[in-house]
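To keep things clear, I will list the structure first and then write my remarks on it.
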Amino acid sequence: MSRALWLPGLPPLLACIGLLVVWDVFTRAFAIEGLPPPLEALRQLPGILTDPEALLNIAASLKRMAIGFVLAVAFAMPIGLWMGRSRLIAAAFNPLFMVIYPVPKAALMPIIMLWLGVGEASKILVIFLGVSLPVVYHSFQGARTVEEKMLWSAAAMGVGPAGRMLRIVLPATLPEIMVGCRTGLVLALITMVTSEMIARQTGIGNIFFTALDMAQYNDVYAMIIIIGVLGFVCDFAFEAVRRWLVSWADSPHTIAVGSA
Amino acid sequence: MDAAPQQIATPASTNGKTRLMQKTSDAMIDIASVSKTYSTSQRGDHLALDDVNLTIEEGQFVSILGPSGCGKSTLLYMVGGFVDVSAGSITVKGVPVTGPGPDRGPVFQEFALFPWKTVLENVMYGPLEQGMPKKEAAAWARKLLTLVHLSKYESFYPKELSGGMKQRVALARTLAYKPNILLMDEPFGALDAYTRTRLQNELLDIWERDRKTVMFITHSVEEAVFLSDRVYVMSPSPGHIRKVYDIDLPRPRVRAELLLDRRYQDYVVSIERLLDEQDKEFA
């Protein structure tokens, strides 16, 4: 019995089944109008996942999320590293980022829509903002704690300041950067759905909130399951990439969300 | 050991401070009237090193011995060009030190290996940086790994190695770019007593091959006497040279023989006495 529990994937599977059972018992006991039994919601999944329109919406969402995420990492990582290695830059930017960090990015959506309209640009910008801050923060924290002697060793070999940044600080900080990226990925998913809720045109958030407006609760819960699975798959894939990239690192920064 | 630096007392005024002008000496490393001041926001300026004079001849193995906080590592960092001097001058082969360079290879207590590189890649890093072709660099790195008894571990990552093995890699990595001077900053300080003595023996074996100039920082009296041609003893607050010992013991040195050697014992005992005295002054 105890050995069977250690099969990879079994404990999380049991937890999922447990959740569905609790959900089912709850709906039978209280019969709330907006809460369909889990089987009803699950029954909607094949329909949604074979509907070309729904798939186009999901693809549009993932594309936005990917663009926002990549742009954010490309922007935030160099800034974080630079802040970590220059006291002046850190002193200039750190307070600014600390003020922006707790602001819910989706709350800025209405303002951004005034500037950029309801199209792609607004949504990508909101995702970008959501992802940037954790990546800046972790790159910054990682870069400032790079072992000084490692940089000195490289300097003695003749590696110049730019080379040290790119070839010593960047790889040395990579494990910490990956922690920021992982948080960023989850935030990308959240900001993606909420931005689509506010500016409804296409996307997962659009299907979700349109179903909610029309009181199609089975579809609403089916979408919640889809979003949850999407998050799980993204995180699982990211964790695989992370492990491959920083397998050399001393202490694996594992926060097992998707991975057993 | 008679090549004391020629000093001519020509006061040169810099920012109202008077320093001694140092005539270029032919010593490998010449540290002349060097001071180091750190400015702290709370306690104002803190004098870490006060008027240190020290020379190291080519091919000499010189140790700087002192308690923690006496600034001995700072002195080494300044020779390496990693830390600026506040006053005075440091020259290497008559050329003032302005920054790090491959002529001075550091080996740190913290090993400072590149953890994302394998053992072989770590050792190849310097030669590649100096423009050696990849194949040649790999062959050369393997040779050095054999020298430090680590040829079986070339594909390992630093995290998979013990402290002693890491320090062997660090030594090989530094030797790989052929510095004229080895700057060793308490290299065996983080190792257990057994590994420490093994590595001391290995270091001497390697040193006997080409007798590079070595500046070696330590707080172990036995280590300093066993390895060195000359030992500078430093006192803290502010750090300054307390006394110089020329260690006149035959080479190549064998630990077991030295332990029975009266001269070795005398050096160790007289340095220990000096350190005891120093402790009482600061108690």
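Working only within the range B:71-97, note down all residues that are free of Cβ contacts under 8 Å to residues at least 24 places away in the same chain, β-branched (Val, Ile, Thr) and not in a loop (DSSP other than H, G, I, E, B). Before you say what the answer is, go through the steps one by one.
Filtering the range B:71-97 down to residues free of Cβ contacts under 8 Å to residues at least 24 places away in the same chain leaves B:81, B:84, B:95-97.
Now restrict to residues that are β-branched (Val, Ile, Thr): B:95, B:97.
The one that is free of Cβ contacts under 8 Å to residues at least 24 places away in the same chain, β-branched (Val, Ile, Thr) and not in a loop (DSSP other than H, G, I, E, B): B:Val95.
Does B:Ser68 fit the bill of being outside any strand (DSSP E or B), under 26 Å from B:Glu272 (Cβ atoms) and within 11 Å of chain A (Cβ to nearest Cβ)? Criteria not met by B:Ser68.
Just so you know, in the range A:231-253 the residues that are crowded, with 19+ Cβ neighbours inside 10 Å and aliphatic (A, V, I, L, M) include one that is nearest to A:Phe69 (Cα to Cα), and it is A:Val246.
So which residues in the range A:88-133 are of a type in the set (Gly, Ala, Ser) and under 15 Å from the mean Cα position of the chain (by Cα), if there are any at all? Result: A:Ala106, A:Gly130, A:Ser132.
Looking only at the range B:194-209, decide whether some residue is under 22 Å from B:Glu110 (Cβ atoms) and within 14 Å of another protein chain (Cβ to nearest Cβ). No.
Closer than 22 Å to A:Asn206 by Cβ and surrounded by 13 or more Cβ atoms within 10 Å (Cβ to Cβ): is that true of A:Phe75 in this structure? Here the answer is no, as A:Phe75 does not meet what is asked. Residue pairs whose Cβ atoms lie under 6 Å apart, separated by 6 or more positions or on different chains, with the first residue in the range A:146-159 and facing chain B (nearest Cβ under 7 Å) and the second basic (Lys, Arg) and assigned to a helix (DSSP H, G or I), do not occur.
Quick one: would you say B:Pro106 is facing chain A (nearest Cβ under 9 Å), in contact (Cβ under 8 Å) with a residue 12 or more places away in the chain, in contact with an Asp or Glu (Cβ under 9 Å, 6 or more places away or on another chain) and surrounded by 21 or more Cβ atoms within 10 Å (Cβ to Cβ)? Break it down stepwise before answering.
Details: facing chain A (nearest Cβ under 9 Å): yes; in contact (Cβ under 8 Å) with a residue 12 or more places away in the chain: yes; in contact with an Asp or Glu (Cβ under 9 Å, 6 or more places away or on another chain): yes; surrounded by 21 or more Cβ atoms within 10 Å (Cβ to Cβ): yes.
Yes; evaluated as a whole, the condition is true for this residue.
Out of all the residues in the range A:165-200, which are within 14 Å of chain B (Cβ to nearest Cβ), of a type outside the set (D, E, K, R) and in contact (Cβ under 8 Å) with a residue 12 or more places away in the chain? Listed by number, the residues that qualify are A:Ile168, A:Val169, A:Leu170, A:Ala172, A:Thr173, A:Leu174, A:Pro175, A:Ile177, A:Met178.
If the condition is being without any contact (Cβ under 8 Å) to a residue 12 or more places away in the chain, at positive phi and either more than 14 Å from chain A (Cβ to nearest Cβ) or buried (at least 18 other Cβ atoms within 10 Å of the Cβ) (or both), then the range B:109-140 contributes no residue at all. B:Tyr153 passes every criterion in (1) touching a helix residue (DSSP H, G or I) at 6+ places or on another chain (Cβ under 6 Å); (2) within 12 Å of chain A (Cβ to nearest Cβ) apart from (2).
Matching residues to (1) surrounded by fewer than 18 Cβ atoms within 10 Å (Cβ to Cβ); (2) touching a strand residue (DSSP E or B) at 6+ places or on another chain (Cβ under 6 Å); (3) more than 29 Å from B:Glu110 (Cβ to Cβ):
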| position | (1), (2), (3) |
| --- | --- |
| A:Met65 | no, no, yes |
| A:Phe69 | no, no, yes |
| A:Leu81 | no, no, no |
| A:Pro95 | yes, no, yes |
| A:Met109 | no, no, yes |
| A:Lys123 | no, no, yes |
| A:Gly130 | no, no, yes |
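A:Ala143 falls short of the stated requirement of being within 14 Å of chain B (Cβ to nearest Cβ) and not polar (S, T, N, Q). Among the residues making up the range A:204-253, those that are farther than 22 Å from A:Pro46 by Cβ and charged (D, E, K, R) are A:Asp213, A:Asp235, A:Glu239, A:Arg242, A:Arg243, A:Asp250.
I'd like to know if the range B:98-121 contains one or more residues that are among the aliphatic types (A, V, I, L, M) and part of a helix (DSSP H, G or I). Within the range B:98-121 (the criterion being among the aliphatic types (A, V, I, L, M) and part of a helix (DSSP H, G or I)), the answer is yes, since at least one residue qualifies.
Number of residues in the range B:141-156 that are crowded, with 17+ Cβ neighbours inside 10 Å and either out of contact with any Leu (no Cβ under 9 Å at 6 or more places or on another chain) or on the phi > 0 side of the Ramachandran plot (or both) equals 0. Filter the range A:193-230 for residues that are polar (S, T, N, Q) and surrounded by fewer than 22 Cβ atoms within 10 Å (Cβ to Cβ); which is farthest from A:Leu108 (Cα to Cα)? Per the stated criteria, the residue is A:Asn218.
Residue by residue, here is whether (1) assigned by TED's automatic domain parsing to the domain that holds B:Asp50; (2) touching a residue at least 60 places away in the same chain (Cβ under 8 Å); (3) farther than 29 Å from B:Pro102 by Cβ; (4) surrounded by 14 or more Cβ atoms within 10 Å (Cβ to Cβ) holds:
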site: B:Leu191; (1), (2), (3), (4): yes, no, no, yes
site: B:Leu199; (1), (2), (3), (4): yes, no, no, yes
site: B:Met215; (1), (2), (3), (4): yes, yes, no, yes
site: B:Asp229; (1), (2), (3), (4): yes, yes, no, yes
site: B:Asp248; (1), (2), (3), (4): yes, no, yes, no
site: B:Arg263; (1), (2), (3), (4): yes, no, yes, no
site: B:Asp266; (1), (2), (3), (4): yes, no, yes, no
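The set of residues in the range A:214-224 being part of a helix (DSSP H, G or I) and farther than 15 Å from A:Leu62 by Cβ consists of A:Tyr217, A:Asn218, A:Asp219, A:Val220, A:Tyr221, A:Ala222, A:Ile224. B:Gln167 meets all of the listed conditions (1) within 12 Å of chain A (Cβ to nearest Cβ); (2) crowded, with 22+ Cβ neighbours inside 10 Å; (3) among the polar types (S, T, N, Q) but one, namely (1).
The values are calculated or read from the model by the stated rules, or taken from the named source; none is laboratory data. For clarity, every value in this text was computed on a predicted model and none was experimentally measured. Methodologically, a virtual Cβ is constructed for each residue, glycine included, from the backbone with ideal geometry; neighbour enumeration extends over all protein chains shown.
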